[in-house]
Every structure is written in structure tokens, then in C-alpha cells.
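Here's the structure, in C-alpha cells; my notes come after.
The values are calculated or read from the model by the stated rules, or taken from the named source; none is laboratory data. Keep in mind it's a predicted model, so treat the numbers as computed, not measured. FYI the Cβ positions are ideal-geometry reconstructions off the backbone, even for glycines, and counts take in every protein chain you see.
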Amino acid sequence: MSALALKQLPSSAVIMLVSILGIVATFLVWHISMRSDIDLTALSDISWQIAEVDSRGRLVRLGSHPFALALLFGLVAAGCMTFAWGALQFFRLGAVGPNEIDERLSERLEKVGQELDDEVFSVVRLLKEHLELSGSHSESLAKVSSTLVASTPPERVRAIIQMLISENKKVQNEVRELNGRLQQSQQQIEKLRVSLSDSHKLGMLDAVTSLKNRHWLEVYLPREVTTATETNGCLSLIMADVDHFKRINDTFGHAVGDEILRRFAELLSKNIKGRDTAARYGGEEFIILLPQTRLDGAKNLGEQIRGELENKKWMHHRTGQPIGKVTASFGIAEWRQGEDCYALLDRADSKLYEAKAAGRNRIIADE
């Protein structure tokens with residue numbers, strides 16, 4: 001298994017794989033150590049076998065030493081327990097459905113949003129304190145002004161000026177402190193904004209292909225339908241499915257399957273432009289959302305992608321073994337006035353089913 005494939009595996013699957021390798025290695029070492037042609041005197045002080053010398057001076061092995069048997073049992077038991085724990089974690093993570101993932105993402109976004117609201121409230125409070133301080137300083141100046149007008153002795157004027165200087169220094173220190181706190185709040189708000197943006201992007205991207213995911217489609221497809229409705233515009237949708245993908249996975253492994261999905265995603269991204277967006281709908285299914293595009297334009301794009309994919313030569317990235325031809329089927333539909341996004345998806349999916357039933361590696365559009 002390549003390093004790329006190991007990186008794509010969850011940690012629980014890696015633990016399961018390592019535990020199996022550990023058990024196999026334990027039995028292999030045991031078998032080698034029990035071979036009759038091994039010189040026991042070359043081993044460590046621990047006797048792995050029970051042996052004695054016969055009347056002719058030959059070394060006779062009578063069986064495995066109890067300590068060796070106990071060590072073998074302990075290592076195998078530890079490997080089995082590690083495998084069981086990894087399997088439990090793996091299936092527990094696998095049981096997490098899209099709804100639960102969306103709930104976790106929503107909770108994270110809500111938490112960051114709440115922290116952002118708290119920080120903004122703190123900034124508003126600081127600004128209020130700043131305004132109150134300015135108002136207090138204005139009142140002090142007004143009192144001094146009235147006193148200054150009524151005072152004629154130089155000593156009184158000197159005392160008022162000293163009081164103004166002292167009051168001004170106090171205001172400067174408080175304003176400096178408020179500015180520092182405002183800068184800290186501004187930095188914190190920027191960090192929260194970046195965190196909120198990262199969380200949003202994380203929930204909208206597919207981990208394998210880096211395309212937009214189904215969650216993104218569920219958010220933005222209704223918006224595009226609304227825009228088309230309000231502007232009396234056009235909108236087309238292509239649904240694509242890699243042909244015989246399960247057979248590819250079973251024959252060459254999931255690492256090769258994921259690589260094909262990534263390459264197909266790159267092909268989709270290369271052929272779209274402007275507001276067009278490619279998304280992984282699930283498994284080996286992809287969707288291309290084409291705002292301001294008529295059915296004929298969508299059909300031309302689908303045929304272009306289909307032909308490029310069919311003409312590619314695929315080889316195993318590690319062994320160089322030919323994989324054979326990889327093709328895809330396409331179902332295409334154009335949005336109809338008054339139709340919601342679900343009906344548009346259903347029509348494209350229906351045409352994709354027809355394309356696969358008709359022999360695959362073709363496009364069928366809902367004319």
C-alpha cells in the first residue's frame with residue numbers, strides 16, 4: 001500500500017492494519033525461532049525451546065518453552081485486542097451519517113458566531129465608555145470655562161490651567177487604554193472571522209476531490225433556481241456517474257479508485273468556467289451546475305467531458321499496470337419555469353439512469 005493510500009485511511013483503519021501485521025510478524029518470528037537448524041546457543045539467555053543432549057551428544061529439542069508460549073500468546077492477544085479496538089472506532093466513525101456531520105458543523109458555526117457576537121458586544125461597550133469619557137471631559141471643560149470667565153486673579157488662572165493639564169493627561173491615559181483594548185478586540189474579531197470562514201469552507205468541500213460537496217449543492221442549488229426564477233433566466237444541470245466504479249475498486253483497490261475520482265474531478269474543473277460549478281454528489285456521482293446555460297450548451301459540455309475521459313490512458317500509479325478505459329455516463333436537464341430544485345435533480349438523475357441502462361459511456365438529455 002502506498003504512502004498516499006495510508007494518508008487517506010482513517011487512523012482506526014491504520015491501527016487495524018498495523019495490528020494484523022504485528023500478529024503476522026509474531027507468528028513469522030515464532031516459526032523462524034522454532035526451526036530445528038537454529039543454533040540455540042546463539043540465542044539470548046531466554047530459552048525458547050526445551051532441549052537436552054542425548055547419549056551421542058546431539059541436541060534434541062523436546063518442544064516450546066512455557067515462557068515462549070506465554071510470550072506468543074500475550075503478543076497475539078495484544079494484537080487481537082488492538083485490532084478489535086481499531087475496528088470499533090472504525091465502525092463507530094463509519095456510523096456517523098451526513099446529518100450528524102451537518103449537525104456538528106452547525107454547532108461549530110453557531111459557537112464561532114456566538115463568540116463573534118460577544119466580541120462585537122464588547123467593542124460596543126468600549127465605544128460607549130469612550131463616549132461617556134468624552135462627555136465627562138466636555139463637562140469639565142464647560143465648568144472650567146465658566147470659572148475662568150469669572151476669575152481675574154492670575155493665581156486662580158494658573159490653578160485652572162494646571163487642573164486642565166491634569167485632566168487632559170487623565171483623559172489621554174484612559175483613551176490610550178481604550179484604544180489598546182479596541183485593537184485587541186479587532187484582532188480577536190479578525191481571528192473569529194477567519195475561523196468562521198474556514199469552518200464554512202470545510203463544510204462545503206469534498207475531502208477526496210476538493211470539489212464542492214453535497215452540502216454545498218443543497219445550499220446553493222435552491223439559490224440558483226430562485227435567481228433563474230426572478231430574472232427569467234436559464235439553468236442547466238449535468239449529473240455524471242463513473243461507469244463500473246465498483247469493479248475498479250474491487251480490482252485495483254480503493255486508492256486507485258480515489259485517484260480516478262480526483263482525476264475526473266480535475267477534468268470537470270478544467271472544462272467549466274465563470275459561475276459554473278462542479279460538485280461531488282456522493283460516491284462516484286458528480287454534478288455540474290450551469291447557470292445561464294441552455295440545454296444545448298450543457299449537452300456540448302457533457303459530450304466534451306465524456307470524450308476526453310474516454311480517450312485517457314489509465315495506469316496504476318504504483319505498479320504501472322494498465323487499468324483500461326474509464327468512462328462515465330451523463331444525464332442532463334434544463335430548469336423549467338416554476339420547477340423547484342428537487343424536480344430538476346430528479347429529471348437529471350432519471351436521464352442518467354437511462355444512459356447507464358442504454359449501455360453507459362453516453363449522454364442523454366431531457367429534451
Test set (1) touching a residue at least 60 places away in the same chain (Cβ under 8 Å); (2) not in a helix (DSSP H, G or I) - residue 224 fails condition number: (2)
Residues (loosely packed, with under 14 Cβ neighbours inside 10 Å and of a type in the set (Gly, Ala, Ser)) located in the stretch 221-258: 233
Residues that are within 19 Å of residue 261 (Cβ to Cβ) and touching a residue at least 60 places away in the same chain (Cβ under 8 Å), drawn from the stretch 294-320: 302, 305, 316, 317, 318
Answer residue from the stretch 276-298, given it is in a loop (DSSP other than H, G, I, E, B) and within 11 Å of residue 235 (Cα to Cα) and is farthest from the chain's Cα centre (by Cα) among those: 294
Qualifying residue in the stretch 337-346 (condition: crowded, with 17+ Cβ neighbours inside 10 Å, at pLDDT below 95 and among the acidic types (Asp, Glu)): yes
Output for the stretch 209-220, where each listed residue is exposed (fewer than 15 other Cβ atoms within 10 Å of the Cβ) and among the hydroxyl-bearing types (Ser, Thr, Tyr): 210
